[in-house]
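Every number here is computed from the coordinates shown, using simple stated rules; none is lab data. Remember, it's a predicted structure, so these values are computed and weren't measured experimentally. Neighbour counts are summed over all protein chains in view; Cβ atoms, including those assigned to glycine, are modelled from backbone coordinates with ideal geometry.
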Amino acid sequence: MPNVFPDPIIFGHNQFFGINHLSAARGAETEEYFQDPKKIVDLIAFAYNLGAHGLMLSTHEKAVAIATEIVRRPTLKKNLNVYILLPYMAKYVKKANERGLVNMVFELLKTGGLSTNFRIGLKGSVGVLTKDPLALLKTLIDLELLPFKKLNLRAVFLHNSLTDLTAGLKLKDIFPFFVDYIARKHQVAPGFCTLTSGLSMKFIYESGLEKPLIMAPFNPAGFQMSPSQKECEWALKRFPAKVIAMSVLAAGYSNPEKAASYIHSLPAIRSVIFGSSNPQHIEKNIATFRKIFR
Amino acid sequence: MKEKKLRGGIIGFGKMGLLHGAIINSLPQSQLVAICDPNPSIQQTFKKFASDVSMYADYLTMLNEANLDFAVITTPTFLHVPAALACIDKKVNFLVEKPLAANEREARMLLNRLKKNPVITMVGYMMRYMETFSEAKKLLDQQIVGKVLTVNVTIYVSQLFSAGKGWRYKRDQSGGGCINTQATHALDLLCWYFGLPRTVNARIRSFYSKEVEDFGHITFSWQDGLFGWLDSSWSMDNHRLLETRLTITGEHGTLIVDDDFVKVYLRTSTKKFPSGWTTRSKPDLFSGVSLDVGAPHFARQDQDFVNHLLSESRPSNDAANGYRIQQLTTSIYNSASHQGKTISI
């Protein structure tokens, strides 16, 4: 498995896609501002130049245009480490609401804007795929990653909904399969995003995966930390992992100094991810977190 | 020795079945032991990855064999009542996704059966478990804005911009469109906060869908002079997720609550609150859950259901409450089919 240590500071993507965990209305406004992918990549370049050498990208439809724009800029194409979070869940939830879960998978495989090359690569018919869940998962992963292959990919994270569903249902073999497939087929480090690190880190450990790459919320307010802040901190000590802390600013609720001092108190965390649309905030956050990771 | 966990089964293993299944399996007091779904692909997949869970093709066999303490019914709406009746016959408690039924007649039949053979029930109106809406309930119970005068509600999502496929868009299977499948969440909040309205007037419009409504506008009045409106659509641009907002005006000020915050504006200070704006946002109100999938309120609801099973008590969001929401929805559709005529409930 590629042994990857994540960049200390990773720039987040939520603001580009209208996601705001504090305010949906503010999220929609920010999305309006970021209609032009050039504006988005300008901000990514700004953060990169200040020391955020990583970028998280969800496999949102809009991320394809961002990827294309990054590839056009030589420094970013060469040096920016991209972390992918897949799949973009809201898209699938809406499709499942419209079509039902099983129909959604069928239709995705039949159409979904697949390129000719990809169709040729599809082994067997759709009917055969639905009988073999792992083949189906492989196809869905390939489909999601396809537009991002030209980027300098550093890691691919499984979306928190899928990580936490798998851990909640105690589904055997899924995590080892994901790790193996991402590492071998795509030659990138696999990772797991979770909103229930207290539970999921234990299950990942029990699945036999050592020192996994984890992305989970850690902030002084305990926001989005389930089952509880205490249990998440316990899991961090108990199950060795390479951890990227997300929601470090609790969706803008905590100030950077307070957040940084909390992260500093947890030695297992050597990396943070945050997003912002405000250049001043970006500068301040990067400077504050760079101090603790020196 | 460890206490025995409550045994839960899922009826209908689609998106919501997956979610509830994972949650009940993560709660300290319950575990998932059985799943039933007629789809062979789903059965095969789960046999492969979850060998401890028994897989069934039909719920009657599952209810007979799996020795369940409770079931979670996550089928399409038109199958809720038959599945719930089977649970009652087998004395299995159940949590059923909202809305309770595809029509009032079936809901009434279910309620009658429950009166004869009571089990503990809950209907999946999960917004009560969202931290902002439950905080608003506490504040309203403390009469924070004094006597409530008006209320308006919007509930929107960007979901449907072409004809939808599947059971949700067939009236006999879903019971309706954006009102029955989504706005019922807000109707439940209104009834929870203010009781069942006395009258409704409604207008609906179908544009993308043939059989069900894509837009709805409803006005309400209550016994004590309170009145208000609700506007609903699943075809509204720029709403990435389902977003609900209530603006409640009272004699002392205004309370605004949505998925992200509760804001109160008071014209003069009271014993508990200062004058001007007081805001409580999600990070202020957040508390962790056993498993955060979809959103934390699903786990809060399932935990509350299990707590009621353990204490053998009846929750306020039970089937009887679900029936009241069904009555309200029926009146709304009735009014809409008579050009917005006033319907008494």
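Quotient of the Cα radius of gyration of the range B:106-245 and 2.2 N^0.38 Å, N being its number of residues: 1.15. Between residue B:116 and residue A:210, the distance separating the two model label sites (each 7 Å from Cα on the Cα→Cβ line) works out to 6.4 nm.
On a 0 to 90 degree scale, rounded to 10, what angle separates helix B:80-89 from the longest Cα axis of chain B? Here the helix axis deviates by roughly 60 degrees.
Neighbouring Cβ atoms from other chains, within 10 Å of the Cβ of residues in B:143-156, number 0 on average.
May I ask you to list the GluC sites (Glu not before Pro) in the range A:175-261 that are in a DSSP loop and have at most 12 other Cβ atoms within 10 Å of their Cβ? If you can, show how the numbers build up before the last one.
Values: sites: A:206, A:210, A:231, A:233, A:257; in loops: A:210.
Hits after loop and neighbour filter: A:210.
Restricting the calculation to Cα atoms, every distinct pair contributes to the Kirkwood radius of chain B, found to be 21.0 Å. Once R0 is set to 41 Å, what does the formula 1/(1 + (r/R0)^6) return for the Cβ-Cβ distance between residue A:29 and residue B:334, expressed as a FRET efficiency to the nearest 0.05? After rounding to 0.05, the efficiency reads 0.55.
So what is the calculated 222 nm ellipticity per residue for chain B, using -39500 (n - 2.57) for each DSSP H run with n of 4 or more, over all residues, to the nearest 500 deg cm²/dmol? Write down the numbers at each step before the final one.
Details: 11 runs with 116 residues, N = 345.
Rounded to the nearest 500, the figure is -10000 deg cm²/dmol.
Calculated FRET efficiency, residue B:271 to residue A:265, Cβ-Cβ distance, R0 = 30 Å: about 0.20 to the nearest 0.05.
If you take all other residues with their beta carbon under 10 Å from the beta carbon of residue A:293, and give Lys and Arg +1 and Asp and Glu -1, the sum is +3. Taking the square roots of five times each eigenvalue of the Cα gyration tensor of the range B:215-345, the equivalent ellipsoid has semi-axes of 28, 25, 18 Å, listed largest first.
To the nearest whole number, what is the average tally of beta carbon atoms from other chains within 10 Å of the beta carbons of peptide B:233-239? Write out the running numbers ahead of the final one.
Values: counts 0, 3, 0, 0, 1, 8, 4.
Average neighbour count from other chains, rounded to a whole number: 2.
Mind checking the angle between helix B:131-141 and chain B's longest principal axis? C-alpha axes, 0 to 90 degrees, to the nearest 10. With both axes taken from Cα atoms, the answer is about 50 degrees. Using the Cβ-Cβ distance between residue A:5 and residue B:165 with R0 = 45 Å, the FRET efficiency computed as 1/(1 + (r/R0)^6) comes to roughly 0.45. If you find the alpha carbon centre of the range B:304-325 and of the range A:200-226, how far apart are they in angstrom? Taking the Cα centre of the range A:200-226 as reference, the centre of the range B:304-325 is 33 Å away.
Can you sort B:24, A:273 so the residue with the fewest Cβ neighbours within 10 Å comes first?
Values: B:24 31, A:273 24.
Neighbour counts put them in this order, fewest first: A:273, B:24.
Using a cut-off of 24 Å between Cα atoms, the listed pairs A:95/A:150; B:147/B:263; B:91/B:165 include A:95/A:150; B:91/B:165 as exceeding that distance.
Give the shape of the range B:205-291 as rounded, prolate or oblate, defined through the alpha-carbon gyration tensor: a ≥ b ≥ c are the square roots of its eigenvalues, a/c under 1.5 means rounded, and otherwise the shape is prolate if a/b is larger than b/c and oblate if not. It is oblate, given that a/c is not under 1.5 and a/b is not larger than b/c. Structural descriptor for chain B: relative contact order 19 percent, calculated from alpha carbon pairs under 8 angstrom and at least 6 residues apart.
Please give the contour-minus-distance gain from residue A:146 to residue A:64: 0.36 nm per residue of separation, less the Cα-Cα distance, rounded to one decimal in nm.
Length difference between fully extended and current span is 28.6 nm.
Phi-derived couplings, Karplus 6.51 cos²θ - 1.76 cosθ + 1.60 at θ = phi - 60°, listed residue by residue for the range B:295-304: 5, x, 5, 5, 5, 4, 5, 5, 4, 5 Hz, with x used for Gly and Pro.
Angle of helix B:15-26 to the longest C-alpha principal axis of chain B, folded into 0 to 90 degrees and rounded to 10: 80°. Here the simple spin-label model places points 7 Å from the Cα toward Cβ, and for residue A:134 and residue B:67 these points are separated by 3.3 nm.
Report the equivalent ellipsoid semi-axes for the range A:211-260 in whole Å, largest first, defined as the square roots of five times the eigenvalues of the gyration tensor built from alpha carbon atoms. Could the numbers behind the result be given before it?
Details: eigenvalues 74, 28, 15 Å².
With the √(5λ) rule applied to the range A:211-260, the semi-axes are 19, 12, 9 Å.
Once divided by 2.2 N^0.38 Å, the Cα radius of gyration of the protein assembly as shown becomes 0.96. Cross-link reach is defined here as a Cα-Cα straight distance under 15 Å, omitting same-chain residues fewer than 8 places apart; for residue A:138 the aspartates and glutamates meeting it are A:173, A:180.
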